[in-house]
Amino acid sequence: MGGAVRSGEQLLGERYRLIEQLGAGGMSVVWRGYDEVLGRQVAVKVLASRLASDKAFRHRIRVEAQAAARLCHPNITNVYDYGESEQVGLTVPYVVMELVDGGPLSSRLGRGGQLPWREAVTIGAEVASALATAHARGVVHRDVTPGNVMLTPTGVKVVDFGISALVGESEQGPDGALLGTPAYLAPERLDNGQVSPATDVYGVGLLLYRMLTGRLPWQASTTTQMLRAHMYHDPDPMPPVVGLPAEVEELVRRCLAKRPADRPPTAEVARTLADVAGIAAIVPVSPALGQFDPTLLENAGTTILPWSSATDALPFSIGRTRTRRAARGGARSRPGWPRRAWSRSPRPCGG
C-alpha cells in the first residue's frame with residue numbers, strides 16, 4: 001500500500017482494525033482485520049494507494065462489492081461491508097469479507113496430481129451450485145480456476161469475484177486488454193464475445209477434467225499454444241477413470257464445447273454432479289429471483305479489477321498473445337482469501 005495504510009494504528013471506518021497483512025496482488029492488499037463492533041475477525045481488501053486517486057477504479061471496486069454482496073450461498077465467500085477511508089490525502093476504498101479457513105484447490109492438486117473421482121465430483125457440484133446462484137443474479141465469475149476454489153472443513157468456497165462482470169458486458173476493454181487465467185479461458189473470451197454464464201461452465205469443465213485426470217485437455221508449453229487450443233483444438237478425450245459414472249464424462253465433454261450455446265446450463269451441471277456425488281444441489285429456484293440492475297454500471301467504464309498473481313491470472317492483449325505479468329506480492333498465502341479462522345455458524349445473507 002505504499003505506507004498509506006498500516007496495521008494497528010487506526011480503524012478503517014471507525015470500525016475495522018487492521019491486524020496483519022495477508023497478501024498483496026497487483027491492485028490490492030488484503031489484511032486480517034478485527035471488527036470492533038461485532039467482535040469478529042474479517043478479511044479487508046484495500047485498493048492499492050497508487051490506484052486510489054483514479055475515480056474509475058474506486059467506482060468499479062464499489063460496483064463489484066455491491067454485486068458480490070448480493071450473492072447468498074454457502075459456497076460463496078460473504079461480502080460484509082464496503083467503505084472509503086481518507087489516508088494521506090487519498091480516498092482509499094476497502095471491502096470487508098469473510099475470513100476463510102482453508103487452502104486453495106491448486107495446492108491440493110499440486111500435492112496429489114488428481115483427486116479420487118467422488119471428491120472431484122463433489123467439489124465440482126459445489127462450485128457449479130455457487131456459480132448457478134451468481135448467474136441467477138446476473139454475475140459471471142470469469143476466472144473459475146483451482147486457485148479460486150478454497151477447500152474448507154465445511155466444503156468449497158468460490159472466491160475472488162475480482163474480475164467478475166455482469167451478463168451482457170463486452171469481454172474486451174477499450175484498450176484491448178483482457179484479464180484471466182490463460183489455461184482456463186473460454187474461447188469466446190478470446191474473440192471479444194459477450195459475458196455469459198456459459199463462460200463459467202467452460203471453466204467448470206476444465207476444473208473437472210483437471211481434477212479427474214491430473215492434467216488439462218491439451219498439451220501446451222506456452223501461453224500462445226494454450227490460447228490457440230482453446231480457440232481451435234478439440235479437447236483430448238478423457239482417459240478412463242475407474243468407477244467414474246459415464247454421465248460425468250459426457251457432462252465434461254458438453255461443458256468444453258467451443259460454442260457457448262452448446263454447453264449445459266449451470267444449474268443442470270450442478271444437479272447432475274450433485275446426483276452423482278449423492279449430495280443436495282443448492283441452486284436458485286428461478287432466474288427471475290436475481291435480476292441485476294445494469295444501471296449500477298453507469299459511468300463505470302469497462303475497467304476490470306483486481307487480479308492476483310497467486311492464481312496465475314495474467315492480463316494480456318487480444319491483439320497479441322505476449323503476456324504482461326501481474327505485480328507480485330510478498331505473501332505466500334492466497335491473496336484475498338487467506339488460511340484463517342472463520343465462524344462455522346450460519347449467517348444471514350443480505351440483498
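Every number in this text was worked out from the coordinates using simple rules, so none of it is lab data. Since this is a predicted model, take the numbers as computed values, not measurements. Because the Cβ atoms are built from the backbone with ideal geometry, glycine has one as well, and the counts that use them run over all protein chains shown.
What the table below lists for this structure:
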item: Sequence of W117, W31, W218 once ranked by neighbouring C-beta atoms within 10 Å, starting from the fewest; result: W218, W117, W31
item: Label-to-label distance, nm, for residues given as E20 and S53 (7 Å Cα→Cβ offset); result: 3.3
item: Sequence of M231, M238, M226 once ranked by neighbouring C-beta atoms within 10 Å, starting from the fewest; result: M231, M238, M226
item: Cα→Cβ-extended label distance, 7 Å offset, between A280 and Q10, nm; result: 4.6
item: Dipole in debye (nearest 20) - segment 11-97, about Cα centre, beta carbon charges: Lys, Arg +1; Asp, Glu -1; result: 220
item: Extreme residue, positive dipole direction of segment 11-97, given options V37, V88, F57 (C-beta unit charges); result: F57
item: Relative contact order [Cα under 8 Å, 6+ residues apart], segment 11-97, whole percent; result: 25
item: Inter-label distance, nm, simple model (7 Å from Cα along the C-beta direction), T91/R111; result: 4.6
item: Length released on extending from V37 to A246, taking residue separation times 0.36 nm less the Cα-Cα span; result: 70.1 nm
item: Sorted by Cβ density within 10 Å, fewest first, the residues D200, D35, D236; result: D236, D35, D200
